[in-house]
Amino acid sequence: MRRRSRRTYKGTSPEAIVRQYDYLGTFYRLALGPDLVFSYAMWHDDDTLESAQVRKLDYHVDAARAGGAQRVLDVGCGWGSLLRRLVEAHQVEHAVGVTMSPGQAAWIREQRWPGCEARAENWYDHQPDAPYDAIIAIAAIEHFAGSTLFKARRVARYREFFERCHAWLRPGGRLSLQANTWHDRGWVAAMLLPSEALAGPSDQLGGRSGKHVAEAASGGLRNLREGLHASRKVFPEMFLPTRAEIVQASRGTFGLIDERRDPDDGARTIHAWLERLEANRDRGSRLVGANAVSDLIREQRTSLRFQQERRIGVIRMTFERR
């Protein structure tokens, strides 16, 4: 098999995207609610999943200063919830969404929402008809570097994305980004260290007994096993960035003007999804098969635990074009 050129490699392959969103998506769409938002919501105490998702969408619109704009780009637009919100609630004239999922793009077009355009393409290949006033990318960057374990290659891919956004935006335009990220110590520490060590100083493992070290090693192996299962069965060719990698990639093209971490948002969202996935297990088995349903629910339970143990988290970052 020929090795992909680093110059032309475009992240998650079309085949993996189709499996994740057009095949498995027929099941997990049952958990997302009527707006079909497949990213972590922004919660207040009395929220439903639906109200928390609308709050998240509105947050990114405000952060990007997209309200009332002529043209806004949504990178990784999913089933179009943000596109519709931009036009119907925030008076955007033309909202353009790019998705690698042919099924998602076709579904959006079938809705015939005025002012909304869906393109089935990789952001790498996007050629805008005119500059954008704002760009929003929610839970998209996780696809940009595929499954590479090499930090330098990941940062290079993220940097190329920032460079493209810089070229697409008007001067002073903003990019609002939401990402699922590894713990700040990186993916190896996030996988292998016990949760209490992640919460404390880097030398916290010092002085531990042999029993505690063995327990930590066992937990780390379990995490690796579950991570490999997710990467093979549910979300192949994906890799989470760290905050530092995103910031490093943005230097020279964008300034980071705001960020927020809401550490419970991921866990609350997954918990809501899991309740609905479990309630629709039988229906899902008829749609995609019992094994695929079990794989997805297993992956979501692992993600819930990783969120609760702060191995992974949600970060929202606002950048302004230099």
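The values are calculated or read from the model by the stated rules, or taken from the named source; none is laboratory data. Predicted, not measured: the structure shown is a model, and the values here were computed from it. Glycine gets a Cβ as well: all are built from the backbone with ideal geometry, and neighbour counts include every protein chain shown. We work out accessible area using only protein heavy atoms, side chains counted, and drop any ligands, DNA or RNA first. Shrake-Rupley method; radii C 1.70, N 1.55, O 1.52, S 1.80 Å.
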Using alpha carbons only: equivalent-ellipsoid semi-axes of the range 73-179, gyration tensor based, whole Å: 24, 17, 11
Given the -39500 (n - 2.57) contribution per DSSP H run of 4+ residues, what per-residue ellipticity at 222 nm results for the chain, rounded to the nearest 500 deg cm²/dmol? -14000 deg cm²/dmol
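Stokes-Einstein D for the chain at 25 °C, 0.890 mPa s, Kirkwood Rh over Cα pairs, in µm²/s?
For these conditions, the coefficient is 121 µm²/s.
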Using only the alpha-carbon atoms, what does the range 269-322 span along each of its principal axes? Please give whole angstrom values in decreasing order. 51, 27, 17
Which three extents, in whole angstrom, do the alpha-carbon atoms of the range 108-165 cover along their principal axes, largest first? 42, 24, 18
So if I place +1 on the C-beta of Lys and Arg and -1 on the C-beta of Asp and Glu, and nothing else carries charge, what would the dipole magnitude of the chain be about its Cα centre? I want it in debye, nearest 20. 1320
Could you provide, to the nearest whole Å², the per residue accessible area of the range 48-107 with probe 1.4 Å? 32
In what order, largest first, do 51, 250 sit by accessible area if the probe radius is 1.4 Å? 51, 250
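How many percent of DSSP beta bridges within the chain run antiparallel, rounded to 5?
Given both bridge residues lie in the chain, the antiparallel proportion sits at roughly 45 percent.
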Stick to the Cα atoms of the range 174-322, pair each with every other, and give me the Kirkwood hydrodynamic radius in Å at one decimal. 17.2
Burial ranking of peptide ranges 143-155, 167-179 (average Cβ count within 10 Å, highest at the top): 167-179, 143-155
If each part is reduced to its alpha-carbon centroid, the range 267-306 and the range 105-148 end up apart, in Å, by 26
Of the options 100, 33, 63, report the single residue whose Cα projects farthest towards the positive end of the charge dipole of the range 20-152 (beta-carbon charges: Lys, Arg +1; Asp, Glu -1). 100
What is the chain's relative contact order, in percent, from Cα pairs under 8 angstrom and six or more apart in sequence? 23
Cα convex hull of the range 237-282, projected area averaged across orientations, nm²: 5.4
Mind putting together the pair-distance distribution for the range 91-139? All Cα pairs, 10 Å bins, whole percent per bin, short to long. 22, 59, 20
Intensity falloff of the range 129-190 expressed as log10 I(q)/I(0), Debye formula with alpha-carbon point scatterers, at q = 0.14 Å⁻¹: -0.48
Treating every alpha carbon of the range 18-134 as one equal point scatterer without solvent, the Debye formula yields log10 I(q)/I(0) values at q = 0.15, 0.22, 0.23 Å⁻¹ of -0.65, -1.32, -1.40
Listed by chain and number, the residues whose amide H is under 5 Å from that of residue 173, excluding neighbours fewer than 5 places away on the same chain and using placed H, are 321
Given a 1.4 Å probe and the protein chains all in place, what does the accessible area of residue 129 round to, in Å² to the nearest 10? 120
